[in-house]
Amino acid sequence: MTKSATKKVDTTKDEPLIDVSIKTTAEIPVPTRLIDQVLGQKRATDLVKKAAIQRRNVLLIGEPGTGKSMLGAAMAELLPREDLEDILCVPNRKDPNTPKIVTIGSGEGRRIIDRYTEKSAKGQNLRMIISLIIPLAIMMYVIFVPLGNPDSRPTLVLMGLFVSFFSFLIMNQLRSRSENLVPKLLVDTSQQTHAPFNDATGAHAGSLLGDVRHDPFQSGGLGTPAHERVESGLIHKSHKGVLFCDEISTLGMRTQQQLLTAMQEKEFQITGQSELSSGAMVRTDPVPCDFVLIAAGNLPTLANMHPALRSRIRGYGYEVYMDIDMPDTLENRNKIVRFVAQEVSKDGRIPHFTKEAVEEIIREFRRRAKRKHGLTLMFRDMGGLIRAAGDIAREKEATIVKVEHVAAAKILAGPLEQQLAEKFIENRRSYQIILNEGAITGRVNALAVMGDRSGIVMNVEAEVTPALSSQEGKIIATGKLGEIAQESVLNVSAIIKKYTGIDLSQHDVHVQFLQSYEGIEGDSASVSVATAVVSALTNIPVRQDIAMTGSLSVRGEVLPIGGTTFKTEAAIEAGIKTVIVPLANYSDIVLGKEEEKLVKIIPVTRFWQVLEAALVEDTSGIIEKFKAGITEYEMKLEEKLKKELKKRRK
């Protein structure tokens, strides 16, 4: 291993983290338009702008928290306000169960309703007077009418009270013709400053498509007129605007089909959704619903999405896969400064951040990125970190958020997986399941990831025994291994047979992942398995102050894996001094200055380099055997890869 390969290169020594001259984020102007607040999603932003001009539907697929709902709301701001309309539901004199629909200009609906209401109020006042006069007349009659038998007057008065009460009740329930003719305003856009935006995520059929309320009084003039029981759905309220539906696959297939009909026809009748309700007898004229659909979800959403609905979006709109990270450039880092200012402004309850605190937030953007030289676009998670830092500053009565508040927020706002991982490591260290000193034959500290960004240290042990079968030996792996993990264990035998010449037919190799109750997925532990097996076969101890991760090919190449930063942090937490990682992942690791002092990172490209670093002393010549198996062509490729990665780090 060359010295230059093991020396960590500072990627930012020639370039400042940010070049914004501020003391706090209070000096950063926040854009008023939502579309200008969206960061990192250039392709999605450009397509949304095009879709707004042409009124196209959009399907946004990506991880939660990448800005899908913000793009939907931003599109509503881009649509023209002057096209908005009010929608009235008016009674049908010929068929009360088929109310009429009237579309008028924005703001006109409220004025029409006010005129009808004023007219009906006069009828209500008259009815109230009559409803008081009739009971009063009845009571006057029963009290003063002459009777042949005075003893019957109490009974007559009691009967008069009952009659007066019921006549008053009936008069208040009866409606005048003018009251029954008052239209209902289904969609009111008079207060809209821009095109409507409605979030239909998780909506049931009634709230999405409209409904008609049940009426227990359906006869005798006591019932509510049919047109007054009509309730508009979100598709109607989104007329001339945007209907946003996240996790669209959660809608039933029938509902998705009805949504497709509404999109195609740009109008949809409202009827009662329950067949047991009196509302099922009511069916309006078609109600306008000319909306732009912004559907969203993740990749599994596509499997449960109605094919015709997706075809409609694809044929009359755009499909966009949301980015999960953006290049780590000075321009993009400066944009994160604005993001912090936006989050502070939106929250309204936390103080602004110092420049140094913002730089610490940017380092966390780097740390959570899923590719080298990248910045994560999981803005919702990062917004949670910003708010947690602000809460800590507010709790300590600070007027501004500083670096120490951000550092404390990383611990406070850690995900459940991180909290579990910390307890996992603590418990294992307490019972000496994880060792960070000494050397043991056949035992390796492997690194894994729990959840999205929580590293853990797993223990892999290997033991070699005489083969139970006289024909062949076996590799037996235990620890709830997934399919890919099982295959990676089997590949280890091919590497050992090819490069060492050891006859495995005479041995059974047992590989155990200690206490892996949650199971093992992926092949990032294959380097650890191979090291443990070689150690067990050669009886050479493995250093326990070393942990490792990497995928191993059948040709002995150490291939890149994910979560390198989080795995390295887990090793540091466990007190391990050295970490072996694939060379291709070397520049992915983002550590704080104090953390860098606690660990030595060894990047490798070949398995013999892993053995050279991990085995205590090779007296069997096994490392030389692995070296000898490398062709000249592979050595040239390896040197080329090293130069390329060194160039990228600079």
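The values are calculated or read from the model by the stated rules, or taken from the named source; none is laboratory data. Quick caveat: nothing in here was measured; it's all calculated off a predicted structure. Positions of Cβ are backbone-derived with ideal geometry, glycine not excepted, and every protein chain shown enters the neighbour counts. Side chains included, ligands, DNA and RNA excluded: accessible areas come from the protein's heavy atoms. Shrake-Rupley method; radii C 1.70, N 1.55, O 1.52, S 1.80 Å.
Tell me which of these K50 doesn't satisfy, since it passes every other one: (1) under 20 Å from the mean Cα position of the chain (by Cα); (2) in a helix (DSSP H, G or I); (3) touching a residue at least 40 places away in the same chain (Cβ under 8 Å).
K50 satisfies every listed condition except (1).
Look at region 76-117 and say how many of its residues are open to solvent by 50 Å² or more (accessible area, probe 1.4 Å), touching a Leu at 6+ places or on another chain (Cβ under 8 Å) and not hydroxyl-bearing (S, T, Y).
3
State which residue pairs qualify: first residue on the phi > 0 side of the Ramachandran plot and inside region 358-384, second residue assigned to a helix (DSSP H, G or I) in any location, beta carbons under 9 Å apart, and separation of 6 or more residues or different chains.
The qualifying pairs are H373/R366; H373/S587; H373/D588; H373/R648; H373/R649.
Can you find, within region 276-289, the residue that is nearest to P225 (Cα to Cα) among those that are of a type in the set (A, V, I, L, M, F, W, C) and surrounded by 18 or more Cβ atoms within 10 Å (Cβ to Cβ)?
Only one residue fits best here, namely V282.
Taking K498 and the conditions (1) under 23 Å from V464 (Cβ atoms); (2) under 31 Å from the mean Cα position of the chain (by Cα); (3) not aliphatic (A, V, I, L, M), which numbered condition does it fall short on, given that it satisfies the others?
Condition (2) is where K498 drops out.
Identify the single condition in (1) closer than 30 Å to N459 by Cβ; (2) among the β-branched types (V, I, T); (3) open to solvent by 40 Å² or more (accessible area, probe 1.4 Å) that I434 does not satisfy, given that it satisfies every other one.
(3)
Restricting attention to region 388-422, and to residues there that are open to solvent by 50 Å² or more (accessible area, probe 1.4 Å) and of a type in the set (S, T, N, Q), which single residue is farthest from the chain's Cα centre (by Cα)?
That would be T399.
Among the residues of region 19-47, write down those that are in a loop (DSSP other than H, G, I, E, B), among the aliphatic types (A, V, I, L, M) and more than 19 Å from G297 (Cβ to Cβ).
We begin by selecting, within region 19-47, every residue in a loop (DSSP other than H, G, I, E, B); these are 19-23, 28-33, 38-41.
If we keep only those that are among the aliphatic types (A, V, I, L, M) too, we end up with 20, 22, 28, 30, 38-39.
Across region 19-47, the qualifying residues are V20, I22, I28, V30, L39.
Between S587, S524, which is within 27 Å of T465 (Cα to Cα) and in contact (Cβ under 8 Å) with a residue 24 or more places away in the chain?
Numbers: S587 fails: within 27 Å of T465 (Cα to Cα).
Being within 27 Å of T465 (Cα to Cα) and in contact (Cβ under 8 Å) with a residue 24 or more places away in the chain holds for just one of S587, S524, which is S524.
So which of H214, H236, H227 ends up being surrounded by fewer than 17 Cβ atoms within 10 Å (Cβ to Cβ) and either assigned to a loop (DSSP other than H, G, I, E, B) or modelled with pLDDT of 80 or more (or both)? Before you say what the answer is, go through the steps one by one.
On the way: H236 fails: surrounded by fewer than 17 Cβ atoms within 10 Å (Cβ to Cβ); H227 fails: surrounded by fewer than 17 Cβ atoms within 10 Å (Cβ to Cβ).
It is H214.
Condition first: touching a strand residue (DSSP E or B) at 6+ places or on another chain (Cβ under 7 Å) and either under 28 Å from D246 (Cβ atoms) or assigned to a loop (DSSP other than H, G, I, E, B) (or both). Now tell me which residues in region 278-292 satisfy that. Quick ask: steps written out before the conclusion?
Step one: filter region 278-292 for residues touching a strand residue (DSSP E or B) at 6+ places or on another chain (Cβ under 7 Å), giving 279-280, 282-289, 291-292.
Across region 278-292, the qualifying residues are V282, T284, D285, P286, V287, P288, C289, F291, V292.
So in region 438-491, with the set limited to residues that are in contact with a Lys or Arg (Cβ under 9 Å, 6 or more places away or on another chain) and at pLDDT below 75, which one is farthest from G563 (Cα to Cα)?
L468
Working only within region 53-66, note down all residues that are open to solvent by 70 Å² or more (accessible area, probe 1.4 Å) and not in a loop (DSSP other than H, G, I, E, B).
Here is the first cut: in region 53-66, the residues open to solvent by 70 Å² or more (accessible area, probe 1.4 Å) are 53-56, 63-64.
Of everything in region 53-66, those that are open to solvent by 70 Å² or more (accessible area, probe 1.4 Å) and not in a loop (DSSP other than H, G, I, E, B) turn out to be I53, Q54.
Please work out which residue is most open to solvent (accessible area, probe 1.4 Å), limiting yourself to region 254-275 and to residues that are farther than 14 Å from L208 by Cβ, out of contact with any strand residue (DSSP E or B) (no Cβ under 9 Å at 6 or more places or on another chain) and touching a residue at least 12 places away in the same chain (Cβ under 8 Å).
Among residues in region 254-275 that are farther than 14 Å from L208 by Cβ, out of contact with any strand residue (DSSP E or B) (no Cβ under 9 Å at 6 or more places or on another chain) and touching a residue at least 12 places away in the same chain (Cβ under 8 Å), the one most open to solvent (accessible area, probe 1.4 Å) is E265.
Check region 78-86 and report whether any residue there is modelled with pLDDT of 90 or more, more than 29 Å from R229 (Cβ to Cβ) and within 38 Å of the chain's Cα centre (by Cα).
The answer is yes; a qualifying residue exists.
Quick check on my filter: what residues within region 157-196 are modelled with pLDDT of 65 or more, open to solvent by less than 50 Å² (accessible area, probe 1.4 Å) and assigned to a helix (DSSP H, G or I)? Let's see the steps before the verdict.
From region 157-196, those modelled with pLDDT of 65 or more are 157-170, 181-196; that's our starting set.
Next cut, open to solvent by less than 50 Å² (accessible area, probe 1.4 Å) only: 157, 160, 164, 167, 181-187, 189-190, 195-196.
Listed by number, the residues that qualify are V157, G160, S164, S167.
Those residues that are touching a residue at least 60 places away in the same chain (Cβ under 8 Å) and closer than 28 Å to F626 by Cα, I need them from region 575-584; list them, please.
From region 575-584, those touching a residue at least 60 places away in the same chain (Cβ under 8 Å) are 575-577, 579, 583-584; that's our starting set.
Listed by number, the residues that qualify are I576, K577, V579, L583, A584.
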